[in-house]
Amino acid sequence: MFNESEKAYCRALLALKDKDYHVAADCFEKAAPFFENNVEFQLLMETNRLLLLVKENLAAMDADDDIEIEETITYGQETELR
């Protein structure tokens, strides 16, 4: 069986899948003590934290809480930046 921290990590991953970044942040915080040496966990948690900060700053500048950020995964393929 999973312990509570592992369950919180799973809930964070599900929240990311559903693009519910605030819930993911809460779940990551609950799981953090157990996964403090897990590089993948730390990367996901910090990336989510950065995304929330960017969205909050953009919303403050535009006074719009419904800003959409397009997520792009290239899987190692080169992409053209515009």
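The values are calculated or read from the model by the stated rules, or taken from the named source; none is laboratory data. From a predicted model like this one, the values you see are computed outputs, not experimental measurements. Here the Cβ is made from the backbone with ideal geometry for all residues, glycine too, and neighbour counts use every protein chain on show.
Overview of results
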item: Single match in Glu29, Glu36, Glu6 (criterion: of a type in the set (D, E, K, R), farther than 22 Å from Glu70 by Cα and assigned to a loop (DSSP other than H, G, I, E, B)); result: Glu36
item: Among (1) modelled with pLDDT of 75 or more; (2) surrounded by 10 or more Cβ atoms within 10 Å (Cβ to Cβ), the one test that Asp65 misses; result: (1)
item: Given (1) modelled with pLDDT under 95; (2) part of a helix (DSSP H, G or I); (3) among the small types (Gly, Ala, Ser), index of the condition Ala24 fails; result: (1)
item: Single unsatisfied condition, Glu71 versus (1) at pLDDT 95 or above; (2) assigned to a loop (DSSP other than H, G, I, E, B); result: (1)
item: Out of Glu29, Glu56, Glu46, sole residue that is within 15 Å of Ala8 (Cβ to Cβ) and either without any contact (Cβ under 8 Å) to a residue 60 or more places away in the chain or of a type in the set (Phe, Trp, Tyr) (or both); result: Glu29
